[in-house]
Amino acid sequence: MPQSQALREDKRARPPARGLSGEPPAITRGPIAQHWNKAPFGSKAESLDGQPLRGEVIVHSLPGLNLMWASHGPLRAFRTKPLLINGADSILFSMVTAPRSSVQFGRDFALNPGEVTATGNIGAGNVTYPSACTRLTVTVPQAPLRPLLRDKSAHFLHVLPSNGAATRLLVGYLDVLKDAAVPPELEHAVVAHAYDLLAVAIGATQDGLEGAKTRGIRAARLQTIRRDVIHRLGTDLSVDAIAASHRLTARYVQMLFEEEGTTFTSFLREQRLSRARTMLVSPRFDHKRIGEIAYEVGFNDLSYFVRAFRRQFGVSPGEARQGADVTA
């Protein structure tokens, strides 16, 4: 994420100085049996079949934002009163790919695959996952998010559709954090954008919605568009085609890139050149001619590709293939 975006102040939803766990920001991953009960979500888990817990978990903790991606077999997760001391005054957002049943606030809930729950100040209760599933759990403190929400209740449970636009943007935005550490100077921006998207997904006030349009929603849309461009490098891409696939105007897409000091065309060209450089220096593609690589990454004019490659990296494609130093 560009630093210029990170430096924009967001006074209405400023994340706290430390995460819910009180630990320094970090990414941990490994077997679910090893990491679940250490995750900063105030819950325990047990297998439904009496066998050891099976599955993998990734936990990423930032100041005021705790994320967990899990893939596991059938299990029951529960929170008892002694566990509530850790993260009790929080909002928990959870998306699961399989059916599950839950007991919260003394009520039974049956949830369909893909349905999302947003729970405020979750109390003692349990969730049963009768079949294997993958899930994303987001936990944030209530204090910075509550001003952005229409529902000011301390205790609530909302069931949300998985196909909501804000939910899709939020999940896509956070997905990058599975494998990417966030530099300290960018943590505030990342967390504030997540708050924006959470508020819109759960139900934002008018002020919260307007703020999100200029912060979190823009950041998430730009990130989604960038990933889409990278995925489709070898196709005949244009700003109009990308805008149409994301149900946006071409001018809006162009503005997203301009706000970051670049253009859609420049980003597309840089990504195509970067992909070509990777292929040229990799033995896996030694059998491909330079022209084939250029065409594969989206260049239809070989002469233009050679000129652009030299401007970007300081050497020709042939020199790069022969091992010449390539500038970034």
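So the values come out like this:
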quantity: Cβ-Cβ under 7 Å pairs, at least 6 apart or on other chains, segment 150-165 side assigned by TED's automatic domain parsing to the domain that holds Leu136, far side among the aromatic types (Phe, Trp, Tyr) and surrounded by 13 or more Cβ atoms within 10 Å (Cβ to Cβ); calculated: His155/Phe105; Leu157/Phe105
quantity: Qualifying position, being assigned to a loop (DSSP other than H, G, I, E, B), under 15 Å from Leu169 (Cα atoms) and among the aliphatic types (A, V, I, L, M), among Leu248, Leu209; calculated: Leu248
quantity: Some residue of segment 306-326 being buried (at least 18 other Cβ atoms within 10 Å of the Cβ) and aromatic (Phe, Trp, Tyr); calculated: yes
quantity: Residue in segment 214-235 that is surrounded by fewer than 14 Cβ atoms within 10 Å (Cβ to Cβ), part of a loop (DSSP other than H, G, I, E, B) and in contact (Cβ under 8 Å) with a residue 60 or more places away in the chain present; calculated: yes
quantity: Which numbered condition Glu259 fails, given (1) modelled with pLDDT under 95; (2) surrounded by 20 or more Cβ atoms within 10 Å (Cβ to Cβ); calculated: (2)
quantity: Neighbours by Cβ (under 6 Å, 6+ apart or cross-chain): first from segment 106-121, outside the structural domain of Lys152 (by TED's automatic domain parsing) and over 18 Å from Thr137 (Cβ atoms); second small (Gly, Ala, Ser) and buried (at least 17 other Cβ atoms within 10 Å of the Cβ); calculated: none
quantity: Evaluation of Lys288 against (1) out of contact with any helix residue (DSSP H, G or I) (no Cβ under 6 Å at 6 or more places or on another chain); (2) under 27 Å from Val176 (Cα atoms); (3) not in a helix (DSSP H, G or I) (one fails), failing number; calculated: (2)
quantity: Restricting segment 70-94 to residues that are surrounded by fewer than 19 Cβ atoms within 10 Å (Cβ to Cβ) and under 21 Å from Ile202 (Cα atoms), the residue that is modelled with the lowest pLDDT; calculated: Ala88
quantity: Residue tally, condition surrounded by 17 or more Cβ atoms within 10 Å (Cβ to Cβ) and assigned to a helix (DSSP H, G or I), over segment 153-166; calculated: 1
quantity: Qualifying residues in segment 128-165 (those that are out of contact with any helix residue (DSSP H, G or I) (no Cβ under 8 Å at 6 or more places or on another chain) and of a type in the set (A, V, I, L, M)) - the one nearest to Ala98 (Cα to Cα); calculated: Ala132
quantity: Conditions (1) modelled with pLDDT under 95; (2) surrounded by 13 or more Cβ atoms within 10 Å (Cβ to Cβ): number failed by Leu273; calculated: (1)
quantity: Enumeration of residues in segment 167-191 that are under 19 Å from Gly64 (Cβ atoms), of a type in the set (Gly, Ala, Ser) and outside any loop (DSSP other than H, G, I, E, B); calculated: Ala189
quantity: Conditions (1) charged (D, E, K, R); (2) touching a Pro at 6+ places or on another chain (Cβ under 7 Å); (3) buried (at least 20 other Cβ atoms within 10 Å of the Cβ); number of the one not met by Asp196; calculated: (2)
quantity: Answer from Leu148, Leu160 - the residue that is out of contact with any Pro (no Cβ under 7 Å at 6 or more places or on another chain), modelled with pLDDT under 90 and hydrophobic (A, V, I, L, M, F, W, C); calculated: Leu160
quantity: Close pairs (7 angstrom Cβ cut-off, 6 or more residues apart or separate chains): touching a residue at least 40 places away in the same chain (Cβ under 8 Å) in segment 239-267, not in a helix (DSSP H, G or I) anywhere; calculated: Glu260/Pro2
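The values are calculated or read from the model by the stated rules, or taken from the named source; none is laboratory data. Keep in mind it's a predicted model, so treat the numbers as computed, not measured. For neighbour counting, all protein chains shown are included, and Cβ atoms are generated from backbone atoms with ideal geometry for every residue, glycine included.
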